[in-house]
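The values are calculated or read from the model by the stated rules, or taken from the named source; none is laboratory data. If you're wondering where the values come from, they're calculated on a predicted model, not measured in any experiment. All Cβ positions, glycine included, derive from the backbone under ideal geometry; neighbour counts span all protein chains shown.
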Amino acid sequence: MTATDFVDGTGTQLDGDDAAQLAAAIAVCNPAALLMSMVHVSGDLGLLDEFAAELESARKDLANAQNTTGVHYSSGSGTPALPLGAFPDSVSEKVRVRAAQLLRAESTAVLGVPDEVLFRRMASLCTASDVDAEFIPLLFEQAGFRIGQRCVPVTKSPPEDFDVIVVGAGIIGINAAVKLGDAGFRYRVFEARDEIGGTWSRNTYPGAAVDTPSHYYSYSFELNPDWSKYYPSGPEYLAYLERVVEKYDLNRHIELSTKVVSADWIEREQKWHVRTQSADGAITDHRAQALVTALGVLNAPNIPDVPGLDSFEGTVVHTAEWSDDIDVEGRRVVVLGTGCTSVQLVTNIVDKVGALDVVVRTPHWIVPEKTVVNDVPQAERWAMRHLPYYQEWFRLRAYWLASDNLYPVPRIDPEWAKSHLSVSPVNDLVMQTSLRYLNESFPDRPDLIEKLTPDFRPYAKRIVKDPGFFQALRRENVNLHRAGFAEVHPDGVTTTDGEFIAADVIILATGFKLEYASLIDITGREGQRLAELWEFGDDPRAYLGIQVPGFPNLFVTAGPNAAPNHGAGHNITSEEHVHYVVECLQYLVENDYASMDVENQAMVEYNQKVDAALDKTVWAHPGKDVTGYYRNSKGRAIVPCPWRLVDYWTMLREPDVENFTFTSRSATK
């Protein structure tokens with residue numbers, strides 16, 4: 001079919017570039033999101049019934065084929081083996097044929113944002129899943145169909161003296177700036193580095209990238225139709241954040257190269273006394289009604305304590321301290337680590353180095369993911385911009401397929417776990433996928449298979465999506481060592497298995513120290529220091545992962561047990577926490593309160609529930625000698641959130657005021 005074969009909904013033939021763009025888009029677009037766009041353009045709800053029937057018929061055909069031919073089509077009895085949310089090829093082709101009849105290059109929507117009943121019906125078809133009603137408010141927001149809804153009634157504007165200080169200008173700090181400004185709060189953002197971006201300004205090593213899909217790993221209120229890859233590179237994501245800062249005119253509120261060194265709660269004033277230090281060493285004092293830490297948790301590079309590291313005469317660099325003047329061209333390079341950072345780095349320097357030795361003490365479970373390195377076709381980028389609601393439905397699918405559908409994977413089935421390395425049948429599917437990929441990647445290298453096979457349970461550490469790491473390991477100039485660093489010498493490294501590796505460059509892909517907000521000297525009521533309370537980051541606890549008794553109006557975003565480790569991405573935590581902060585502050589304004597402080601009993605009870613829920617997961621029971629940043633020195637899981645994303649999102653809609661004590665503003669006058 002050629003471009004001139006395409007007609008619009010009235011039968012008018014399209015011509016020229018418009019037709020070519022549309023034809024190309026229809027050929028490559030996701031058929032489910034394309035179908036939803038067709039419904040918006042035509043207003044024809046009959047398309048939903050028609051293609052729901054087509055999908056059901058195709059599923060039955062696959063099931064029948066399994067029963068009659070013996071070909072294995074399922075991962076369970078009677079369940080067609082289609083990827084989650086996928087349309088069969090036969091249905092996809094029919095969608096494209098109908099799209100050619102219904103769409104035109106400048107299509108406009110007849111149907112706007114649907115009501116909740118229709119939205120649920122459309123979402124279920126778009127994801128080829130049963131979407132329960134409880135998910136609809138979350139999906140409306142996260143897919144970008146509507147801006148997050150305020151929950152605390154807004155009848156008053158914040159007083160002029162109600163200042164908020166935000167620490168950090170990464171993904172959460174920028175989000176906080178946008179939403180605090182929208183809500184009318186006066187705020188300032190202090191960023192210790194000389195640029196915004198947090199993780200994505202800090203991690204500039206070759207191949208640095210996000211391992212969450214691009215079209216989801218962005219703000220729901222600021223969708224980006226122009227992602228060049230299905231998984232964004234670090235520089236592209238940083239550019240996205242910079243555009244958000246510019247669009248919302250945030251620079252005038254952000255002070256770069258300004259480190260927050262301390263924060264003290266002043267009870268008589270009901271304010272935070274915040275002290276900052278600028279690049280020239282100058283100290284400045286500030287007052288604020290509320291303090292929001294937006295520091296993330298992985299900031300300080302984890303430098304291993306290896307004898308002789310300082311004696312190395314070549315270049316030693318941690319991936320978080322990469323600079324453009326580091327030269328690996330033709331050099332002998334040793335990389336320590338095989339987590340997400342290492343696989344990205346190795347993939348992207350293998351063509352430049354003379355020799356590359358990868359030293360790994362504990363290999364990760366690595367799974368194939370073709371779209372990690374795939375470009376978004378220009379035609380689909382065109383569709384994101386021009387086909388009504390295509391982008392929103394594409395984002396909805398990206399979220400749905402990588403979120404609470406994965407919730408069961410890290411949860412332990414005790415009977416299964418008794419006799420398996422994996423912890424449940426669904427956890428085993430991840431393990432078998434990884435093992436199959438490993439064996440297919442190295443059919444003639446049993447030595448590599450042995451070195452790359454983990455001995456711990458899947459999801460105990462972060463699952464790694466392969467950007468080309470396995471291919472890089474097959475190169476003649478690459479060697480893999482299942483070991484650690486025993487000692488560093490002026491001219492190389494001795495591994496823990498006694499092998500010496502000559503080196504010009506040592507790259508430490510060894511992750512970060514887990515710090516939370518305890519890296520700032522924060523002092524609450526009665527002189528209590530947060531760092532001491534949290535055992536200097538080793539045992540942090542908070543109510544909802546955000547608030548700590550004795551620290552009024554302190555909001556620790558991305559706090560303990562708040563990470564969505566089973567799925568989705570850091571961006572949803574960002575939006576959940578910022579929404580909750582704004583709701584809490586608005587509640588203070590509405591009721592003429594100066595501060596709120598969570599009751600200790602509320603925090604204790606909440607954390608008891610957290611620990612009980614996590615005790616049923618692989619994060620609390622990871623298997624053989626597993627270390628990593630998910631757990632503290634006592635083995636308690638301090639990073640993962642135990643709840644489904646929809647549950648946690650719902651918890652954070654507004655404060656449960658029964659769990660707080662409040663101080664009136666009149667008490668400060």
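Looking at this structure, is ASP611 in a strand (DSSP E or B), surrounded by fewer than 23 Cβ atoms within 10 Å (Cβ to Cβ) and assigned by TED's automatic domain parsing to the domain that holds SER214?
So ASP611 does not fit the description; no.
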Problem set entry | Breaking point among (1) assigned by TED's automatic domain parsing to the domain that holds ARG331; (2) closer than 24 Å to THR627 by Cα, for ALA531 | (1)
Seminar exercise, completed: Checked pairs for the range 205-224, first over 24 Å from SER342 (Cα atoms) and free of Cβ contacts under 8 Å to residues at least 40 places away in the same chain, second among the aromatic types (Phe, Trp, Tyr) and crowded, with 20+ Cβ neighbours inside 10 Å, C-beta under 8 Å and 6 or more apart or across chains, list as ASN224/TYR240
Exercise. Within the range 630-642, which residues are touching a residue at least 24 places away in the same chain (Cβ under 8 Å), surrounded by fewer than 19 Cβ atoms within 10 Å (Cβ to Cβ) and of a type outside the set (Lys, Arg)?
Worked result: ASN632, SER633
Seminar exercise, completed: Restricted to the range 575-608 and to residues being assigned to a helix (DSSP H, G or I) and hydroxyl-bearing (Ser, Thr, Tyr), the residue nearest to the chain's Cα centre (by Cα) is TYR580
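For (1) β-branched (Val, Ile, Thr); (2) surrounded by fewer than 19 Cβ atoms within 10 Å (Cβ to Cβ); (3) at pLDDT 85 or above; (4) assigned to a helix (DSSP H, G or I), each residue gets a yes or a no:
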| residue | (1), (2), (3), (4) |
| --- | --- |
| THR4 | yes, yes, no, yes |
| ALA24 | no, yes, yes, yes |
| ALA33 | no, no, yes, yes |
| VAL39 | yes, no, yes, yes |
| ASP49 | no, yes, yes, yes |
| ALA52 | no, yes, yes, yes |
| SER57 | no, yes, yes, yes |
| ASP61 | no, yes, no, yes |
Exercise. For the range 467-480, which residues satisfy the criterion of being under 30 Å from the mean Cα position of the chain (by Cα) and either of a type in the set (A, V, I, L, M, F, W, C) or not in a loop (DSSP other than H, G, I, E, B) (or both)?
Worked result: PHE469, PHE470, GLN471, ALA472, LEU473, LEU480
Exercise. In this structure, is GLU236 surrounded by fewer than 23 Cβ atoms within 10 Å (Cβ to Cβ), out of contact with any strand residue (DSSP E or B) (no Cβ under 8 Å at 6 or more places or on another chain) and not aromatic (Phe, Trp, Tyr)?
Worked result: no
Exercise. Is at least one residue of the range 514-532 surrounded by fewer than 24 Cβ atoms within 10 Å (Cβ to Cβ), in contact with a strand residue (DSSP E or B) (Cβ under 9 Å, 6 or more places away or on another chain) and of a type in the set (Phe, Trp, Tyr)?
Worked result: no
Exercise. When you scan the range 324-358, how many residues do you find that are in contact with an Asp or Glu (Cβ under 6 Å, 6 or more places away or on another chain) and either crowded, with 24+ Cβ neighbours inside 10 Å or not assigned by TED's automatic domain parsing to the domain that holds VAL464 (or both)?
Worked result: 1
For this session: Considering only the range 340-455, give the helices (runs of 4 or more DSSP H) lying wholly within it that have at least 3 residues that are touching a Pro at 6+ places or on another chain (Cβ under 8 Å).
Result: 340-349, 378-386, 425-441
For this session: Looking only at the range 140-149, decide whether some residue is in contact with a helix residue (DSSP H, G or I) (Cβ under 6 Å, 6 or more places away or on another chain), more than 22 Å from LEU45 (Cα to Cα) and not basic (Lys, Arg).
Result: yes
Exercise. Of all residues in the range 553-595, how many are of a type in the set (D, E, K, R) and under 20 Å from SER218 (Cα atoms)?
Worked result: 2
Seminar exercise, completed: Pairs returned, first residue in the range 158-187 that is in a helix (DSSP H, G or I), second residue that is small (Gly, Ala, Ser), beta-carbon separation under 7 angstrom, 6 or more apart or interchain, are ILE171/GLY198; ILE171/SER574; ILE172/ALA294; ILE172/ALA558; ILE172/SER574; GLY173/ALA294; ASN175/SER574; ALA176/ALA294
For this session: Return the pairs, sorted by first residue and then second, in which the second residue is buried (at least 17 other Cβ atoms within 10 Å of the Cβ) and part of a loop (DSSP other than H, G, I, E, B), the first residue lies in the range 645-669 and is without any contact (Cβ under 8 Å) to a residue 24 or more places away in the chain, the beta carbons are less than 7 Å apart, and the residues are 6+ apart or on different chains.
Result: none
For this session: Answer with yes or no whether LEU480 is surrounded by 19 or more Cβ atoms within 10 Å (Cβ to Cβ), touching a His at 6+ places or on another chain (Cβ under 8 Å) and not small (Gly, Ala, Ser).
Result: no
Seminar exercise, completed: Looking across the range 256-287 at residues that are in contact (Cβ under 8 Å) with a residue 60 or more places away in the chain, assigned to a strand (DSSP E or B) and touching a Ser or Thr at 6+ places or on another chain (Cβ under 6 Å), the single one that is surrounded by the fewest Cβ atoms within 10 Å (Cβ to Cβ) is ASP264
